[in-house]
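Accompanying notes for the structure given below.
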Amino acid sequence: SSTAAATAIDGMAEQMGSLEERVEALEDTEYSKNKVVVQNLDTGVKQYVSSYADAANILNADLEGAYKIYPGEGYSEAALADRLFENTTSLKQIEFPTNMSSLGRNVFAGSGLTTLTIPQTITSTSYEICLKCNDLTSVTIDSPNLQLKEASFSTCPNLTTANILSVGKMETTAFYKT
């Protein structure tokens, strides 16, 4: 019957789609090994670069876009330098490698970050890491050994949610003018 044939064709098409997705995921894992992935959130296009500094260069060349940066399998970097993503308005999301332990001064100041999660591995931040991040709405901190410095999230007018699961020490002005 034509209904059974249509159902069989639909099933095969679904399996093919699933297979294509698995192949794409495997290719992405292979391409991203020991790299940083820069993904355009509008188009889904990914670029694979050697470091977060290289990722910052790409984003600074396209301040109108919307990007997510995350580590590929096996990538490691211990710290993000001072001012690395400062005024990088196209940066919307970032994930850190499992060995990252430090964020430099003004590292995301004035950037376009909308959310930020500081994991347990990050134990050191400098001052004003997210100073004047106008798009920042939510921060999650889960680092029992973190020393959160003064003005870390100062002057972030749209920051409405701070999920502080654990923190070692937090300066009194960490969330000044939010």
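The values are calculated or read from the model by the stated rules, or taken from the named source; none is laboratory data. Predicted, not measured: the structure shown is a model, and the values here were computed from it. So basically every Cβ, Gly included, is an ideal-geometry build from the backbone, and we count neighbours across all protein chains shown. These accessible areas exclude ligands, DNA and RNA; they are computed on the full protein's heavy atoms, side chains included. Shrake-Rupley method; radii C 1.70, N 1.55, O 1.52, S 1.80 Å.
Annotations for the structure displayed:
- The set of residues from region 70-87 being among the small types (Gly, Ala, Ser) and either outside any loop (DSSP other than H, G, I, E, B) or open to solvent by 50 Å² or more (accessible area, probe 1.4 Å) (or both) comprises 74, 76, 78, 79, 81.
- Any strands (runs of 3 or more DSSP E) falling wholly within region 93-178 and containing at least 1 residues that are touching a strand residue (DSSP E or B) at 6+ places or on another chain (Cβ under 8 Å) and over 28 Å from residue 34 (Cα atoms): 138-148, 161-170
- The set of residues in region 88-143 that are touching a Gly at 6+ places or on another chain (Cβ under 6 Å) and open to solvent by 20 Å² or more (accessible area, probe 1.4 Å) comprises 89, 92, 126, 132, 135.
- In region 48-69, residue farthest from residue 31 (Cα to Cα) [restricted to those that are open to solvent by less than 40 Å² (accessible area, probe 1.4 Å) and aromatic (Phe, Trp, Tyr)]: 67
- Selection status of residue 65, part of a loop (DSSP other than H, G, I, E, B) and in contact with a strand residue (DSSP E or B) (Cβ under 7 Å, 6 or more places away or on another chain): yes
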